[in-house]
Amino acid sequence: MAFRKMFVCWVGISVISGCMLRSASAQSLSNLDRGRAEQMLQSVANDVNKHYYDPKIHGVDWNARVAEYRKKLDSASSLNMALSVVAAAVDSLNDTHTFFLPPQRPYTHDFGWQIQMIGDRCFVTEVRPHSDAESKGVKPGDQVLSIDGYDLNPDNLRKLKYVFDILRPQPSLGVVLLDPMGRRQEVDITARIRQFKRVMDISGEGSDGDSDIWQLIREEETEDHLLRVRTFRSGNELMFLRLPEFSGFSNSEIWDMLKKSRDCKTLVIDLRGNPGGSVDTLGQIIGHVFDHDIKVGDRVERKNTKPLVVKHSHDQFTGKLIVLVDNDSASASELFARVVQIEKRGIVLGDHTAGAVMEAKHYNYSVGADTVLFYGASITDANIVMTDGKSLEHVGVTPDEIVLPTAVDLENGRDPVLARAAAIAGVKLDPQEAGKMFPYEWNPDE
């Protein structure tokens, strides 16, 4: 493959300016913390100036804009608000892969639900057993009309997730729901908080050290388990391959996954919920489903433009290919689906994708001496222009056939998208049974 491995995993990122003003912390902002926020802003701004793929930064006077947001830090009344100002400055570039990562909190918070845009509406897709959400009567299939007073649409859901999950974690959310029968419900959902140790000893010396390092190992094993590739085969007619992300698989591992389908007539690659990942992995999978070299597109960098070309593998799946996507399919997932469409290699089913398709590099920073805060930023270093001359950024992929689950489907655990893919392959699959093939798995550590 003729291009390097890079980070393309997508995080929903735009900041809603109103959220900067809402739910402000009562704590005052010390001069020390204000200075730290100013340093965070300047460090990230400097790297945007040096590394952002567009040297003209979309015609924005970036230094003037940074100065504008630095002035806003003067009126920030809390550290949370100051961090929101830094995030808003970076967000003003309107680039899905350029965003600020604030210092990590010493806890995780989980509202016990999963929500997703389906079409132009937001729905609850999963509810954690024994969670506060479940106790308040929240169920899959409920339409989410608003969160903390914000009406939801395909654009601002990602913005709200960034604010409430990453930038400004909230202890509770006020939610307005509409159940499949049309009944309206207003609930406050309280997050389950899991505190971390502020200092962990991973030296392995002593009982605390032993427990800390084994805790980290267990959490990593759990994460690996949740992100494993899952398959389901129906005789020689059809194999389903659910790929949760484009992680760093080796070429041999890719083929180990795909060779199970080699004697099948149809392969369904399920990329729903897949946020992207390694471009190397993307290239390896493309190479195993095409019988010729493929130009994905052009990588438009800061100083030049380079073609992204994938060399085909000698080990290939040559049967019918079906790709499933949804609104959470992003980045490398979108590139794969669009290549399949452009090259007329297969059929893409599901929902319109995220439209978050750039390439970015992560930068890590720290501020402070006695007490050190670690933070980061993702900065786009290339745009991908497909062979049709278009970028998928803020556009996404429109499936060849739109297939969406209804509220009643979600309520009853049915998967009509998977069932439709099977029908195209000539296999009868009941949507209820399809919904049981790849059940959602909750992370026990959250």
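The values are calculated or read from the model by the stated rules, or taken from the named source; none is laboratory data. Model, not experiment: these values are computed from the prediction. Every residue, glycine as well, gets a Cβ built from its backbone with ideal geometry; the counts of neighbours run over all protein chains shown. Heads up: the accessible areas ignore ligands, DNA and RNA and are worked out on the full protein's heavy atoms, side chains in. Shrake-Rupley method; radii C 1.70, N 1.55, O 1.52, S 1.80 Å.
Here the spin labels are modelled as points 7 Å beyond Cα on the Cα-Cβ line, and at R121 and E253 they lie 4.0 nm apart. Placing unit charges on each Cβ (+1 for Lys and Arg, -1 for Asp and Glu) gives the chain a dipole about its Cα centre, and among H109, H97, T387 the Cα reaching farthest toward its positive end belongs to T387. Between the listed residues F374, I424, G413, the Cα displaced farthest toward the positive end of the dipole of the stretch 368-428, a dipole computed from Cβ unit charges relative to the Cα centre, is found at I424.
Over all distinct Cα-Cα pairs of the chain, the Kirkwood formula returns a hydrodynamic radius of 23.4 Å. Using only Cα atoms, locate the centre of the stretch 176-196 and the centre of the stretch 404-422, then give the distance between them in Å, rounded to an integer. Their Cα centres are 22 Å away from one another.
Per residue, the solvent-accessible area of the chain (1.4 Å probe, heavy atoms of protein chains only, all protein chains present) comes to 46 Å². Note on the chain: with charges restricted to the Cβ of Lys and Arg (+1) and Asp and Glu (-1), its dipole about the Cα centre is near 880 debye.
Could you give the nm distance between label points at T398 and N364, where each point is 7 Å from its Cα heading toward the beta carbon? It works out to 4.3 nm between the two label points. GNM on the chain, alpha-carbon springs under 10 angstrom: the most fluctuating residue among G389, G297, G276 is G389. Placing unit charges on the Cβ atoms only, positive for Lys and Arg and negative for Asp and Glu, gives the stretch 35-76 a dipole magnitude near 60 debye about its Cα centre. When the listed pairs K259/K320; K50/K303; K50/K295 are checked against a 19 Å cut-off, the alpha-carbon distance exceeds it for K50/K295. Among S378, S30, S313, which one moves the most in a GNM of the chain with springs linking Cα atoms closer than 10 Å? In this elastic network of the chain, the residue with the biggest mean-square fluctuation among S378, S30, S313 is S30.
Here the stretch 213-289 and the stretch 159-174 have alpha carbon centers that stand 30 Å from each other. What is the sum of charges around K436, taking Lys and Arg as +1, Asp and Glu as -1, for the other residues whose C-beta is under 11 Å from the C-beta of K436? Combined, the nearby Lys, Arg, Asp and Glu give -2. GNM on the chain, alpha-carbon springs under 10 angstrom: the most fluctuating residue among G346, G426, G355 is G426. Within the chain, DSSP assigns beta bridges of which about 75% are antiparallel (rounded to the nearest 5). Legend: distances between Cα atoms for K72/K161; K265/K361; K139/K436; pairs beyond 28 Å are K265/K361.
In a fully extended conformation the segment linking T387 and R228 would gain 54.1 nm over its present Cα-Cα distance, using 0.36 nm per residue. With all protein chains in place and a 1.4 Å probe, the accessible surface of the chain carries 49 percent carbon and sulfur. You can think of it this way: the chain between S78 and D430 has 121.4 nm of extra reach, that is 0.36 nm per residue less the Cα-Cα gap. Since only F232, V309, P171 are under comparison, the one whose Cα sits farthest along the positive direction of the charge dipole of the chain, derived from C-beta charges on Lys, Arg, Asp and Glu, is V309.
What is the local net charge at S378, summed over the other residues whose Cβ is closer than 15 Å to its Cβ (Lys, Arg +1; Asp, Glu -1)? So the surrounding residues net to -3.
Amide H contacts for C264 (H built 1.01 Å from N in the peptide plane; partners 5 or more residues away or on another chain; cut-off under 5 Å): none found.
Ranked by the mean number of other Cβ atoms within 10 Å of their residues, highest first, the peptides 72-78, 319-325, 364-370 fall in the order 319-325, 72-78, 364-370. Here's how it looks for D270: its modeled amide H is under 5 Å from those of L241, R242, L243, L324, which are all 5 or more places away or on a different chain. Extension gain for E441-N304 works out to 45.0 nm (0.36 nm per residue, less the C-alpha to C-alpha distance).
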